[in-house]
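The values are calculated or read from the model by the stated rules, or taken from the named source; none is laboratory data. Everything numeric here is computed off the predicted structure, so don't read it as measured data. All Cβ positions, glycine included, derive from the backbone under ideal geometry; neighbour counts span all protein chains shown. We work out accessible area using only protein heavy atoms, side chains counted, and drop any ligands, DNA or RNA first. Shrake-Rupley method; radii C 1.70, N 1.55, O 1.52, S 1.80 Å.
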Amino acid sequence: MATSVSSRSSIEGVGGGVLQKGIAELYDESSGMWEDIWGDHMHHGFYDSDVPASISDHRSAQIRMIEQSLSFAGFDNENSLKIPKNIVDVGCGIGGSSRYLARKYGAKCQGITLSPIQAQRAQELANAQGLGDNVLFQVADALQQPFPDGQFDLVWSMESGEHMPDKTKFVKELIRVAAPGGIIIIVTWCHRDLSPSEDSVQPQEKELLKKICDAYYLPDWCSAPDYVKLLQSLNMEDIKFADWSEYVAPFWPAVVRSALTWKGLTSLLRCGWKTIKGALAMPLMIEGYKKNLIKFSIITCKKPE
């Protein structure tokens, strides 16, 4: 069992050994607290933008995020796409999406994460839910995935792209492991689109993004159009993207509220400095969304048959 700031050129990225170590340690520290307070889906929810969100709303909103992502990629349209039978969850957290997709489609799913703690917990949950034969997790690098070419008919990346130091290599790996005709879904944090006269975001925007990067172990950011141009250059088909920022706006205020409860505060103090630093940066994420600097983006495409 397996265990396991910005310019137009920033999509190329740089190497990330130290970055990878920081990411792994951050999630080793914080995943247990997140599961205890929010459940097993470590990603934004998809909300009704006119209704305030509570923690209970958040958990159902996380499922809506999965379903909305599938719908955007065309999986809810009858006879439009075959049901996926082999799925990879790139940056799987504690496996919430993997288990959900495996149950929904009766599929085999493999999840990869840099965090040994996450991989172990994800497998424990899969085994406890009777999914151990169909859902496997391991520690692996998304930029060097341990899978053969063309294995998966759904390649799923839910909020892991923002951690990738080389976006081009990341996307090429997603394409490599996708089967011919397979669907790739990337849901990720981006910066705003650049105007034709801009080569990068503005200096004050760079400063805000750098503070967020330092807290969450993120490399340079890119925009959703950067992903689209990259996918076009790699001859992908049916490329679509959308800005879902308004639908995730309640997420970070809800996380802040949960952190300020007695349970949240005591959990933070038990976790460690990386998690505390991330918690202190949450208002920066809210600021980034309010200033329309941070965009919550979905990008989907199909690998040619």
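Scan the stretch 219-260 for residues that are polar (S, T, N, Q) and open to solvent by 50 Å² or more (accessible area, probe 1.4 Å) and report the count.
Residues flagged as polar (S, T, N, Q) and open to solvent by 50 Å² or more (accessible area, probe 1.4 Å) within the stretch 219-260 amount to 3.
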| request: Would you point out the residue of the stretch 50-79, among those that are open to solvent by 60 Å² or more (accessible area, probe 1.4 Å) and part of a loop (DSSP other than H, G, I, E, B), that is modelled with the lowest pLDDT? | output: ASN79
| Which numbered condition PRO196 misses (of (1) surrounded by fewer than 20 Cβ atoms within 10 Å (Cβ to Cβ); (2) part of a helix (DSSP H, G or I)) | (2)
| task | Tell me which of these LYS263 doesn't satisfy, since it passes every other one: (1) open to solvent by 40 Å² or more (accessible area, probe 1.4 Å); (2) not acidic (Asp, Glu); (3) not in a helix (DSSP H, G or I). | result | (3)
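So which of ASP226, ASP214 ends up being among the charged types (D, E, K, R), modelled with pLDDT under 95 and under 21 Å from the mean Cα position of the chain (by Cα)?
Within the list ASP226, ASP214, the selection yields ASP214.
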| Considering GLY95, GLY111, which residue is buried (at least 18 other Cβ atoms within 10 Å of the Cβ), of a type in the set (Gly, Ala, Ser), touching a Ser or Thr at 6+ places or on another chain (Cβ under 6 Å) and under 26 Å from LYS167 (Cβ atoms)? | GLY111
| query | What about SER195, is it touching a strand residue (DSSP E or B) at 6+ places or on another chain (Cβ under 8 Å) and farther than 26 Å from GLU29 by Cβ? | reply | no
| field | Within the stretch 292-305, tally of residues that are open to solvent by 10 Å² or more (accessible area, probe 1.4 Å) and under 10 Å from ARG192 (Cα atoms) | value | 2
| Of residues in the stretch 146-187 being in a helix (DSSP H, G or I) and under 13 Å from the mean Cα position of the chain (by Cα), the one surrounded by the most Cβ atoms within 10 Å (Cβ to Cβ) | PHE170
